[in-house]
Ligand code: NAP
């Protein structure tokens, strides 16, 4: 049996839950949230590795419409963020909409009925509008290392932590030095017998000014909610002022680079190790990592830093590209996610029978980060070029929710059975503008590679501006950027091209 709904939201992380809250606030209750797992939380459910925390302050990394006066720390841990999302789910009455165990297998646009047919592992759905909030950091990437199948020990990815496997006293190989790995390393180091870090590229690391939020602060936030908003506003404003350095004047980041080098020098006394840990690209090109414990952990006698990527595995011997060999009982891949090649794109089949992956073969692109041409009434939350290098993604998500709300309002005003399909010209114009601005950013000019760039070297992930600019760009749906589709008359065979018309509303 197929359940027909007005809106199907895919995913129940920050994006999906935010969409669900907004739908209810818009008076739309005819919707489901399809979730492949058995609980909400998205990346904050999947990432439970030791040391997992957010490197964006909690008062900014939370919904503006659901402030939490009780954040325990300035940078909260995964369990608190996950609990916050459960709390949001309950507070806003989202449980009846959740459909767990529903992994999207295929989603096809039905041009006759003007709706999406969605086949999931937990049943079939039909939706007039799809809000895809699967997030870019949901499908772990494990490099195709020759000989991985010969490794006799345990292997897992940072986002699929095997809590049943005790690493105490084990020889652990950590692969990667991204935001996940630098949190895992200090958490594991004290308990393992040997930790070998395979570092292909050293990250820039700055101290994390983390502290417990005092009881007095929390009481103040509870008594005077405006103080939570003021705190959030301050955190937002500071980051907003920093954006220009990332997007227009990367040379200004030289000052931050000097601070990061000082942080390294103060933490690592061994000059040889310090040299191995010193990046050779502009700070900010990759995400700037925040940690007080990463460098101290690397200086411990049971840690080896191999300044080379993992290139081969021969049984329990791991071989780096520079020929260094290390023995291990366990391999932890902190090797990131399928961001620009997300698997779900292969399962979304648009109006022309093309998958989203085929449509994006030369690079992801979506009008205002939301709408892809040829995929009517489908919109993404955290879509192409909506990521941030220095601030809270929740700000971008809330902007996209404004866009989603206006999109649904416009459909209601248009009346009848209608769908909007982004005009290819509008998508191209938006994308050309984004890519033009991208040319000057540190992410493109800083001399590094990162997951921000796709296989063609194009930055299709990060927003090259301030969060306020994005807020303005997504306030309203401009109908001129869309083609209006109407359901063909049911009686006779519709001639070619029938069902398409100019938007006149
Ligand atoms: P990532 O940033 O993509 O890092 C992957 C790491 O794996 C890189 O250091 C990469 O090296 C390395 N790698 C890949 N193949 C390798 C090989 N064969 N040998 C050695 N190293 C290899 O992934 P992530 O650390 O999971 O972080 C992804 C994103 O998640 C972050 O950028 C951030 O947005 C988010 N995150 C956020 C937080 C937070 O606190 N808010 C925490 C964790 C994650 P190269 O650098 O040379 O490519």
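The values are calculated or read from the model by the stated rules, or taken from the named source; none is laboratory data. Only a predicted model underlies this, so the values are computations on that prediction, with no experimental measurement involved. Counting neighbours? That spans all protein chains shown, and the Cβs are built from the backbone with ideal geometry, glycine included.
Kindly establish whether residue 385 is modelled with pLDDT of 95 or more and surrounded by 24 or more Cβ atoms within 10 Å (Cβ to Cβ).
Values: modelled with pLDDT of 95 or more: yes; surrounded by 24 or more Cβ atoms within 10 Å (Cβ to Cβ): yes.
Yes; evaluated as a whole, the condition is true for this residue.
Given the conditions (1) in contact with a helix residue (DSSP H, G or I) (Cβ under 7 Å, 6 or more places away or on another chain); (2) within 10 Å of the ligand (Cβ to nearest atom), and given that residue 201 satisfies all but one, which numbered condition is not satisfied?
Only one criterion in (1) in contact with a helix residue (DSSP H, G or I) (Cβ under 7 Å, 6 or more places away or on another chain); (2) within 10 Å of the ligand (Cβ to nearest atom) is unmet by residue 201, namely (1).
Quick check on my filter: what residues within the stretch 445-457 are away from the ligand (no atom under 16 Å from the Cβ) and closer than 20 Å to residue 243 by Cα?
As a first pass, look at the stretch 445-457 and keep what is away from the ligand (no atom under 16 Å from the Cβ): 445, 456.
Within the stretch 445-457, just 445 meets the criteria.
Residues in the stretch 145-153: is at least one closer than 22 Å to residue 57 by Cα and surrounded by 16 or more Cβ atoms within 10 Å (Cβ to Cβ)?
Scanning the stretch 145-153 turns up no residue that is closer than 22 Å to residue 57 by Cα and surrounded by 16 or more Cβ atoms within 10 Å (Cβ to Cβ).
Considering only residues that are part of a helix (DSSP H, G or I) and out of contact with any strand residue (DSSP E or B) (no Cβ under 9 Å at 6 or more places or on another chain), look in the stretch 171-191 and name the one that is surrounded by the fewest Cβ atoms within 10 Å (Cβ to Cβ). So that I can check it myself, show each step before the final result.
Let us first name the residues in the stretch 171-191 that are part of a helix (DSSP H, G or I), namely 181-188.
Those still in the list that are out of contact with any strand residue (DSSP E or B) (no Cβ under 9 Å at 6 or more places or on another chain) too: 186-187.
Working: 186: 21, 187: 16.
Residue satisfying both the conditions and the ranking: 187.
Residue check, residue 165 against (1) more than 14 Å from the ligand (Cβ to nearest atom); (2) under 14 Å from residue 52 (Cβ atoms), all met but one. Which one?
Against the list (1) more than 14 Å from the ligand (Cβ to nearest atom); (2) under 14 Å from residue 52 (Cβ atoms), residue 165 comes up short only on (2).
Yes or no, residue by residue, for (1) away from the ligand (no atom under 15 Å from the Cβ); (2) under 24 Å from residue 172 (Cβ atoms); (3) assigned to a helix (DSSP H, G or I):
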| position | (1), (2), (3) |
| --- | --- |
| 256 | yes, no, yes |
| 266 | yes, no, yes |
| 284 | no, no, no |
| 295 | yes, yes, yes |
| 301 | yes, yes, no |
| 311 | no, yes, no |
| 323 | no, yes, no |
| 332 | no, yes, no |
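Looking at the structure I just gave you, is residue 273 out of contact with any helix residue (DSSP H, G or I) (no Cβ under 9 Å at 6 or more places or on another chain) and surrounded by 16 or more Cβ atoms within 10 Å (Cβ to Cβ)? Step through it out loud before you land on a result.
On the way: out of contact with any helix residue (DSSP H, G or I) (no Cβ under 9 Å at 6 or more places or on another chain): no; surrounded by 16 or more Cβ atoms within 10 Å (Cβ to Cβ): yes.
Here the answer is no, as residue 273 does not meet what is asked.
Among the residues of the stretch 319-342, how many are within 30 Å of the chain's Cα centre (by Cα), crowded, with 19+ Cβ neighbours inside 10 Å and under 24 Å from residue 278 (Cα atoms)?
Just the residues of the stretch 319-342 that are within 30 Å of the chain's Cα centre (by Cα), to begin with: 320-321, 330-342.
Then drop every residue that is not crowded, with 19+ Cβ neighbours inside 10 Å, which leaves 320, 330-337, 339-340, 342.
Checking which are under 24 Å from residue 278 (Cα atoms) leaves us with 320, 332-336.
Looking only at that region, the number is 6.
Is it true that some residue in the stretch 145-155 is near the ligand (Cβ under 9 Å from one of its atoms) and over 30 Å from residue 253 (Cα atoms)? Break it down into steps so the answer makes sense when it comes.
Quick first cut of the stretch 145-155, residues near the ligand (Cβ under 9 Å from one of its atoms) only: 145.
Those left that are additionally over 30 Å from residue 253 (Cα atoms): 145.
Yes: one or more hits.
Between 45, 36, which is closer than 27 Å to residue 103 by Cα, more than 12 Å from the ligand (Cβ to nearest atom) and free of Cβ contacts under 8 Å to residues at least 60 places away in the same chain? It would help to see each step written out before you state the result.
On the way: 36 fails: free of Cβ contacts under 8 Å to residues at least 60 places away in the same chain.
Going through 45, 36 in turn, just one is closer than 27 Å to residue 103 by Cα, more than 12 Å from the ligand (Cβ to nearest atom) and free of Cβ contacts under 8 Å to residues at least 60 places away in the same chain: 45.
Run residue 66 past the list (1) assigned to a loop (DSSP other than H, G, I, E, B); (2) out of contact with any strand residue (DSSP E or B) (no Cβ under 9 Å at 6 or more places or on another chain); (3) surrounded by 17 or more Cβ atoms within 10 Å (Cβ to Cβ) and report the number of the one that doesn't hold.
The single condition residue 66 does not satisfy is (3).
Report whether or not residue 478 is within 16 Å of the ligand (Cβ to nearest atom), over 16 Å from residue 243 (Cβ atoms) and either at pLDDT 95 or above or out of contact with any strand residue (DSSP E or B) (no Cβ under 8 Å at 6 or more places or on another chain) (or both).
Details: within 16 Å of the ligand (Cβ to nearest atom): no; over 16 Å from residue 243 (Cβ atoms): yes; either at pLDDT 95 or above or out of contact with any strand residue (DSSP E or B) (no Cβ under 8 Å at 6 or more places or on another chain) (or both): yes.
Taking the combined requirement at face value, the residue does not satisfy it.
With the condition kept exactly as written, say whether any residue in the stretch 486-503 is loosely packed, with under 15 Cβ neighbours inside 10 Å, away from the ligand (no atom under 16 Å from the Cβ) and modelled with pLDDT of 95 or more.
Let us first name the residues in the stretch 486-503 that are loosely packed, with under 15 Cβ neighbours inside 10 Å, namely 489-498, 500-502.
Now drop any that are not away from the ligand (no atom under 16 Å from the Cβ), which leaves 489-498, 500-502.
Retained after the next criterion (residues that are modelled with pLDDT of 95 or more): none.
There is no residue in the stretch 486-503 that is loosely packed, with under 15 Cβ neighbours inside 10 Å, away from the ligand (no atom under 16 Å from the Cβ) and modelled with pLDDT of 95 or more.
Got a number for residues in the stretch 345-374 being outside any loop (DSSP other than H, G, I, E, B) and farther than 17 Å from residue 129 by Cβ? Before the answer, list the steps.
Taking the stretch 345-374 and keeping what is outside any loop (DSSP other than H, G, I, E, B), we get 345-346, 348-349, 355-359, 367, 371.
Next, from what is left, pick out any that are farther than 17 Å from residue 129 by Cβ: 345-346, 355, 357-359.
Residues flagged as outside any loop (DSSP other than H, G, I, E, B) and farther than 17 Å from residue 129 by Cβ within the stretch 345-374 amount to 6.
Would you check which residues across the stretch 48-60 are within 15 Å of residue 183 (Cβ to Cβ), part of a loop (DSSP other than H, G, I, E, B) and either modelled with pLDDT of 95 or more or more than 9 Å from the ligand (Cβ to nearest atom) (or both) and list them?
Keep residues of the stretch 48-60 that are within 15 Å of residue 183 (Cβ to Cβ), which gives 48-56.
Going one step further and asking which of them are part of a loop (DSSP other than H, G, I, E, B), we end up with 48-52, 54-56.
Of everything in the stretch 48-60, those that are within 15 Å of residue 183 (Cβ to Cβ), part of a loop (DSSP other than H, G, I, E, B) and either modelled with pLDDT of 95 or more or more than 9 Å from the ligand (Cβ to nearest atom) (or both) turn out to be 48, 49, 50, 51, 52, 54, 56.
Which condition does residue 208 not pass, out of (1) part of a loop (DSSP other than H, G, I, E, B); (2) within 29 Å of the chain's Cα centre (by Cα); (3) within 30 Å of residue 312 (Cβ to Cβ), if it passes all the others?
Going through (1) part of a loop (DSSP other than H, G, I, E, B); (2) within 29 Å of the chain's Cα centre (by Cα); (3) within 30 Å of residue 312 (Cβ to Cβ) one by one, residue 208 breaks only (3).
Among the residues of the stretch 1-28, what is the count of those that are in a loop (DSSP other than H, G, I, E, B) and either free of Cβ contacts under 8 Å to residues at least 60 places away in the same chain or crowded, with 24+ Cβ neighbours inside 10 Å (or both)? Don't jump to the end; show me each part of the working.
Residues of the stretch 1-28 in a loop (DSSP other than H, G, I, E, B): 1, 11-13, 26-28.
After this cut, where a residue has to be either free of Cβ contacts under 8 Å to residues at least 60 places away in the same chain or crowded, with 24+ Cβ neighbours inside 10 Å (or both) as well, the list is 11-13, 27.
Residues flagged as in a loop (DSSP other than H, G, I, E, B) and either free of Cβ contacts under 8 Å to residues at least 60 places away in the same chain or crowded, with 24+ Cβ neighbours inside 10 Å (or both) within the stretch 1-28 amount to 4.
Filter the stretch 123-144 for residues that are surrounded by 14 or more Cβ atoms within 10 Å (Cβ to Cβ), within 16 Å of the ligand (Cβ to nearest atom) and more than 15 Å from residue 332 (Cβ to Cβ) and give the result.
If the condition is that a residue be surrounded by 14 or more Cβ atoms within 10 Å (Cβ to Cβ), within 16 Å of the ligand (Cβ to nearest atom) and more than 15 Å from residue 332 (Cβ to Cβ), then 134, 135, 136, 137, 138, 139 are the ones that fit.
Which residue out of 279, 225, 250, 271 is modelled with pLDDT of 95 or more, within 25 Å of residue 450 (Cα to Cα) and away from the ligand (no atom under 16 Å from the Cβ)? Steps first, answer last, please.
Values: 279 fails: away from the ligand (no atom under 16 Å from the Cβ); 225 fails: within 25 Å of residue 450 (Cα to Cα); 271 fails: within 25 Å of residue 450 (Cα to Cα).
The conditions single out 250.
Is it true that some residue in the stretch 158-170 is part of a strand (DSSP E or B) and surrounded by fewer than 19 Cβ atoms within 10 Å (Cβ to Cβ)? Steps first, answer last, please.
Of the residues in the stretch 158-170, the ones part of a strand (DSSP E or B) are none.
No, the stretch 158-170 has no match at all.
If you go through the stretch 404-435, how many residues are assigned to a helix (DSSP H, G or I) and surrounded by 19 or more Cβ atoms within 10 Å (Cβ to Cβ)?
Count: 9.
Can you name the number of the only condition in (1) in a helix (DSSP H, G or I); (2) without any contact (Cβ under 8 Å) to a residue 40 or more places away in the chain; (3) away from the ligand (no atom under 16 Å from the Cβ) that residue 245 fails?
Against the list (1) in a helix (DSSP H, G or I); (2) without any contact (Cβ under 8 Å) to a residue 40 or more places away in the chain; (3) away from the ligand (no atom under 16 Å from the Cβ), residue 245 comes up short only on (2).
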